[in-house]
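Beneath this line is the structure, given in structure tokens, with notes to follow.
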Amino acid sequence: MRRLSLGLFLIAAASSILLISDWKQRRAPTGHLPRVAILQHVSQGIIDEGVRGIVDALAENGFVDQKTILLRRYNAENDMATANAIAKEVTSGQFDLIVTATTISLQSVASANKAGPNNGGRVKHVFGLVSDPFAAGVGISRENPLDHPKHLTGLGTMQPIRETFDVARKLDPDLKTVGTVWNPAEANSQANLKLARAVSKDLGIDLVEATAENSSGVLEAANSLISRGAQAIWIGGDVTVLVSIDSVVAAARRGRIPVFTSVPGNAPKGALFDLGANYYELGRLIGNLGARVLKGTDPATVPVENVVPQKVMVNLTALAGLRDHWRLPQDLLASADTVIDAAGTHSKAAAVTQPSKKWNVQVVELNNVLDVEETERGILKGLDESGLVKGRHYDIQFRNAQGDMATLNGLVDAAIAAGADLLLTLSTPTLQAAIQRSQGKVPIVFTYVSSAIAAGAGTSDDHHLPFVTGTTLTPPNEEMIAIIRQVLPSARRIGTLFVPSEVNMVFAKDGLVKAAAKAGIEVEALGVATSSEVPDAALALMSRNVDALCQIPGNLTAAAFGGIAQAAERKKIPVFAFQTSQAKEGAPVVLARDYFDNGRAAAAMAARVMRGESPAQMPFVPDAKTKLMINIKAARAVGLNIPAALLAKAAEVIKE
């Protein structure tokens, strides 16, 4: 224990020194370089593509970060409170130009920018990736495109919804009923739906609607559409739904109907086709407009226009198993920018910068559990979706320490000695070891981490070590407590095991205690140090009058979860857990983050690094998606009744 504690102390100290050194460099005098802020509302493939286009276009116009401008990127991660806080910060007077991507970001900044800095001054603001800016409530006239706030201009992108529905009808001439999920709180979604209603009426299609106020309600809404007779599901520009597109596709597959969208990037996730804007090209147009403003163009003289550079993606594999006769004609396949079939993904020459060399990607893992395997699959899928080809653009090697910390340090050293150009780390201890042992000489992209801040990688998602970026998986504690309340209304005391030396588990434990306290539930936490202690510790915990176990995620407890499940079954106490592997190992209820999707997102960030983007300019990306799993057999074994309403929300139900 003393050696481990000393190791953790040295990691934290090294991280602090590197952070302080980096911040000193960032705060060094920079002359009078223009300061530019880019704000996006959520991490999503199409939005990331748009922002990449913005940055590339600025650079092509001579505005390069740290050379001719100071560029700072912000991401609200689909949280309105965060969006408003960022908007207040960027309009405080420290920036010369703000560029926003998405309708919500436009609205947040426009609201904060009304008063502006210095008692009435307003920061110049260029917006894009907005379906209908005229309906966004920010003072832009639909009748006169020059009638807008003098400090504000940008580009609207109303998706080609008429064309999208025309293609759907062409693919299935008997299409009569289409379902859609949308969030009424999103102005862009309202604009898309208004047009979709009119188009459907013209085509004689019945548009069946279901609303979802947040991503956790999307699956239930999609299921309701199928029960109401939808022959297909259409998704417009709704951010809430697009974040949970996997849930929509899963529901549609169970109903044997296709999904089609007006937002490219979803065909690789299972949609039959996407017809919408090319967001990278759109981002370039926005970046060019931003460059004009930086060069002196007055935003008041630039009309707000609607621009839609189109992109078509088709997925032939989505035809399998459909109950109706859907057919993809050759003219559509010939015009598609991307076609996905059993042999892989085939794209026309894309306007993307490929790596200038073949990268040696070293993936280092602490343990080997199902969640890690899901993350691995996500990484490989994400690299493929990013347009990178194994053997041409990168080579990849996976190294796993099988749960041994001493081995882990050796694997990191071996990866560096093997000439790693990029370290892709899974788990908090692996990230910490990579930070300490690479000393900033190799870029790091992490995933399978609860809190990179607690791990010593930074002080916030935006302020972090310059050679580190990645995706985090904060446990959905409040959602889990709500489920425990639903299943066990009288629960007053729950237990969990944690490893005091694992910072990720301490972080998760503290989060669970806080969430439970809000619901009037006490958490009994018991520390363990080795996997051999887990079964006896679980029995000891259950002797402390707990109503249930709520096992927080952690490397040691994940590897030894079988002992927890067996002890719980013996004592007839239900276990609620946060890792997908634990549903199959005996937890009746699991609410997990999507490990596959998190790995895919990390791979997308790795691809950006390989294409030349600096990790220093890439904020950490929290994953907000959850996956509910119910193990009926395990529930019966401990006498737990699962409410039908909860079963209906489950993405996976294990019966045997």
Handout entry: Selection count where residues are within 19 Å of residue 573 (Cα to Cα) and either in contact (Cβ under 8 Å) with a residue 60 or more places away in the chain or in a loop (DSSP other than H, G, I, E, B) (or both), scope region 509-543
Key = 2
Exercise for the section: Return yes or no: is residue 393 touching a Pro at 6+ places or on another chain (Cβ under 6 Å) and surrounded by fewer than 23 Cβ atoms within 10 Å (Cβ to Cβ)? Expected result: yes
Practice task
Kindly provide the set of residues from region 97-113 that are at pLDDT 95 or above and either in contact with a Lys or Arg (Cβ under 8 Å, 6 or more places away or on another chain) or on the phi > 0 side of the Ramachandran plot (or both), ordered by number.
Solution key: 97, 98
Handout entry: Residue within region 7-25 that is over 23 Å from the mean Cα position of the chain (by Cα), at pLDDT 80 or above and in a helix (DSSP H, G or I) present
Key = no
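Here is a yes/no grid of residues against (1) more than 17 Å from residue 578 (Cβ to Cβ); (2) surrounded by fewer than 15 Cβ atoms within 10 Å (Cβ to Cβ); (3) of a type in the set (Lys, Arg):
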site: 493; (1), (2), (3): yes, yes, yes
site: 498; (1), (2), (3): no, no, no
site: 505; (1), (2), (3): no, no, no
site: 535; (1), (2), (3): yes, no, no
site: 538; (1), (2), (3): no, no, no
site: 551; (1), (2), (3): no, no, no
Exercise for the section: Please go through region 468-512 and pick out each residue that is among the hydroxyl-bearing types (Ser, Thr, Tyr), over 24 Å from the mean Cα position of the chain (by Cα) and either at pLDDT below 95 or under 26 Å from residue 648 (Cβ atoms) (or both). Expected result: 490, 501
Exercise for the section: Could you look through region 122-132, keep only residues that are under 25 Å from the mean Cα position of the chain (by Cα) and modelled with pLDDT of 90 or more, and pick out the one that is nearest to residue 277 (Cα to Cα)? Expected result: 129
Practice task
Can you confirm whether region 519-537 contains a residue that is outside the structural domain of residue 401 (by TED's automatic domain parsing), touching a Ser or Thr at 6+ places or on another chain (Cβ under 7 Å) and under 30 Å from residue 42 (Cβ atoms)?
Solution key: no
Exercise for the section: Being closer than 30 Å to residue 269 by Cα, at pLDDT 90 or above, not in a helix (DSSP H, G or I) and not aromatic (Phe, Trp, Tyr) is the filter here, so list the residues in region 38-90 that pass it. Expected result: 38, 39, 40, 41, 73, 75, 76
Handout entry: Unique match (being free of Cβ contacts under 8 Å to residues at least 24 places away in the same chain, out of contact with any His (no Cβ under 9 Å at 6 or more places or on another chain) and among the small types (Gly, Ala, Ser)) among 382, 378, 410
Key = 410
Fill in the blank from the handout: Here the qualifying pairs (Cβ atoms under 8 Å; residues six or more apart or on different chains; first in region 452-465 and at positive phi and among the hydrophobic types (A, V, I, L, M, F, W, C); second surrounded by fewer than 24 Cβ atoms within 10 Å (Cβ to Cβ) and assigned to a loop (DSSP other than H, G, I, E, B)) come out as none
Problem - Condition met for residue 98 (touching a strand residue (DSSP E or B) at 6+ places or on another chain (Cβ under 7 Å) and in a helix (DSSP H, G or I)) - result: no
Problem - Odd one out for residue 157, checked against (1) of a type in the set (S, T, N, Q); (2) without any contact (Cβ under 8 Å) to a residue 60 or more places away in the chain; (3) under 30 Å from residue 331 (Cβ atoms) - result: (2)
Exercise for the section: Sort out which residues of region 200-221 are out of contact with any strand residue (DSSP E or B) (no Cβ under 7 Å at 6 or more places or on another chain), surrounded by fewer than 19 Cβ atoms within 10 Å (Cβ to Cβ) and either of a type in the set (A, V, I, L, M) or more than 30 Å from residue 476 (Cβ to Cβ) (or both), and write them in order of number. Expected result: 201, 202, 203, 204
Handout entry: Among the residues listed as 224, 262, the single one being modelled with pLDDT of 95 or more, in contact with a strand residue (DSSP E or B) (Cβ under 6 Å, 6 or more places away or on another chain) and among the hydroxyl-bearing types (Ser, Thr, Tyr)
Key = 224
Completion exercise
The condition of being crowded, with 24+ Cβ neighbours inside 10 Å and either touching a Pro at 6+ places or on another chain (Cβ under 7 Å) or in a loop (DSSP other than H, G, I, E, B) (or both) holds, among 263, 241, 293, only for 263
Practice task
Search region 475-491 for residues being in contact (Cβ under 8 Å) with a residue 40 or more places away in the chain and not in a helix (DSSP H, G or I), and hand back the single one that is surrounded by the fewest Cβ atoms within 10 Å (Cβ to Cβ).
Solution key: 490
Problem - helices (runs of 4 or more DSSP H) wholly inside region 557-648 that include at least 2 residues being of a type in the set (Gly, Ala, Ser) and within 21 Å of the chain's Cα centre (by Cα) - result: 595-610
Practice task
Return the only residue of 137, 154, 116 being modelled with pLDDT of 95 or more and among the small types (Gly, Ala, Ser).
Solution key: 154
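The values are calculated or read from the model by the stated rules, or taken from the named source; none is laboratory data. Source: prediction; values computed, not measured. Cβ coordinates were reconstructed from backbone atoms using ideal geometry, including for glycine residues, and neighbour counts include every protein chain displayed.
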